[in-house]
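Reviewing the structure listed below.
The numbers here are math on the coordinates, done by the rules we state, and not lab data. Computed from a predicted model, the values in this text were never measured in an experiment. Cβ atoms come from the backbone with ideal geometry, glycine included; neighbour counts cover every protein chain shown.
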């Protein structure tokens, strides 16, 4: 199921060749001359593998940033819940994997905010249940990506709204597994990123449908480096700053129905003041 957008790989390193690099300052990385990037590559449309090549939003972003850093970019395929532990263990230099900006994560990583998105609710196309907001999920089995930032938000809604009929929050290693649980009636709803949900509907042959009508729990996404790696953080910011206002980057964002977060939205994400 969902083979059109997902290729399950336990651990794969894939390369994007870089040409026309600039070398204003030598970038110190785990492997000299190469930037290792942690990415969960079973998370289309942001990160996936097709024909042995890393594709998606993060691949496009890093293909634009890599030359400015003067390095080759290699993706290290890592399941989402293991991305931050992998960064802390120096398995890779940074994370580019639609990683949401949260105060808890900001304790162990430093961010360069590069896009914003949000969540959608998805059900089986033949289901009469059509929830639009999280408050309508009481008593329902809700499939989610393991470690996703909205899981505690759903749990908070459950505690505040559902009383003795809580939301049954179920976590899966990949979005594809969450969608498969929904199709096989092991879940009633999938809560996932808006872009991922849209791709999931297409891949299912329209056996799924999105029922929410607005972005839920709007979130900022960030490229992440290990806390204390100030040299890489500084050079990443210097590379991204001129790129983000370019027509090239605007086209990348438009391709995935994303937008740049404002400074206020980034500050709110870091304090949960949204």
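What the table below lists for this structure:
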read-out	value
Computed over region 54-128, Kirkwood Rh from alpha-carbon pairs, angstrom	14.7
Distance histogram in 10 Å bins (all Cα pairs of region 160-274, percent per bin)	10, 29, 33, 21, 7, 0
Alpha-carbon radius of gyration plus Dmax, which is the widest Cα pair, for region 118-217 in Å	12.0, 37
Acute angle (nearest 10 degrees) that the helix 57-69 long axis makes with the longest principal axis of the chain, alpha-carbon atoms	20
Where only C-alpha atoms are counted, convex hull volume of region 21-90 per residue in Å³	86
Percent RCO, i.e. relative contact order, over region 118-217, from Cα pairs under 8 Å lying at least 6 residues apart	47
Distance in nm between pseudo-label sites at residue 91 and residue 130 (7 Å out along the Cβ direction from Cα)	4.2
Whole-number percent relative contact order across the chain, with pairs defined as alpha carbons under 8 Å at least 6 apart	25
Degrees separating the helix 194-203 axis from the principal Cα axis of the chain, which is the longest one	70
Residue 50-residue 264 FRET efficiency (beta carbon distance; Förster radius 22 Å; 0.05 resolution)	0.05
Ordering of 252-261, 133-142 by burial proxy (mean other Cβ atoms within 10 Å per residue, highest first)	133-142, 252-261
Extension gain (nm, one decimal) between residue 155 and residue 234, 0.36 nm per residue minus Cα-Cα	24.8 nm
Rounded tilt (10° steps) of 230-244 against the dominant C-alpha axis of the chain	80
The chain - share of DSSP beta bridges that are antiparallel (%, nearest 5)	65
